[in-house]
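The values are calculated or read from the model by the stated rules, or taken from the named source; none is laboratory data. Just so we're clear, the structure is a prediction, and the values are computed from it rather than from any experiment. Keep in mind that these areas ignore ligands, DNA and RNA; they rest on the heavy atoms of the full protein, side chains included. Shrake-Rupley method; radii C 1.70, N 1.55, O 1.52, S 1.80 Å.
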Amino acid sequence: MSMLEELNTIVESAGLPVETGVFSKAAPDAYVVITPISEHFGLFSDDGPGMSIEEARLSLFSQKNYIQKKDLLARMLLTAGFTVSERRYIGYEADTGYHHYSIDLAKEREET
């Protein structure tokens, strides 16, 4: 399963609609947008990569209190083996009425 598939499954299990890149549907009270950040190889040996590292950002948008959902997402991500590198309140978007909270994460996979 790819990292994006895994993230979609986790976010949907948290009861949130999710899309990658941009939320194209009519926006509900709360939703998540996944933004892939980077993919790179690490731990080289014998002239080949030993590990693949993928990074992404989850942007949680909520018109109501976002704290329970961001805590739930962080716990689910950690349980699934993701490294959560940063959690940050971006701000309140007055023009849309949404609070914006981001979670930066990474997932390491062995290369075979």
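Heavy atoms only, probe 1.4 Å: what % of the accessible area of the chain goes to carbon and sulfur, would you let me know?
The nonpolar share, carbon plus sulfur, comes to 50 percent.
Excluding ligands, DNA and RNA, what is the solvent-accessible area per residue of segment 51-112 at a probe of 1.4 Å, expressed in Å²?
Value for segment 51-112: 58 Å² per residue.
Only helical DSSP H runs with n ≥ 4 go in: add -39500 (n - 2.57) per run for the chain, normalise by residue count and round the 222 nm mean residue ellipticity to 500 deg cm²/dmol.
Calculated at 222 nm, the ellipticity per residue is -6500 deg cm²/dmol.
For the chain, how big is the tail of P(r) above 22 Å, as a whole percent of Cα pairs? Before the final figure, lay out each step's value.
Values: 2079 of 6216 pairs.
Counting pairs separated by more than 22 Å, the tail of P(r) holds 33 percent.
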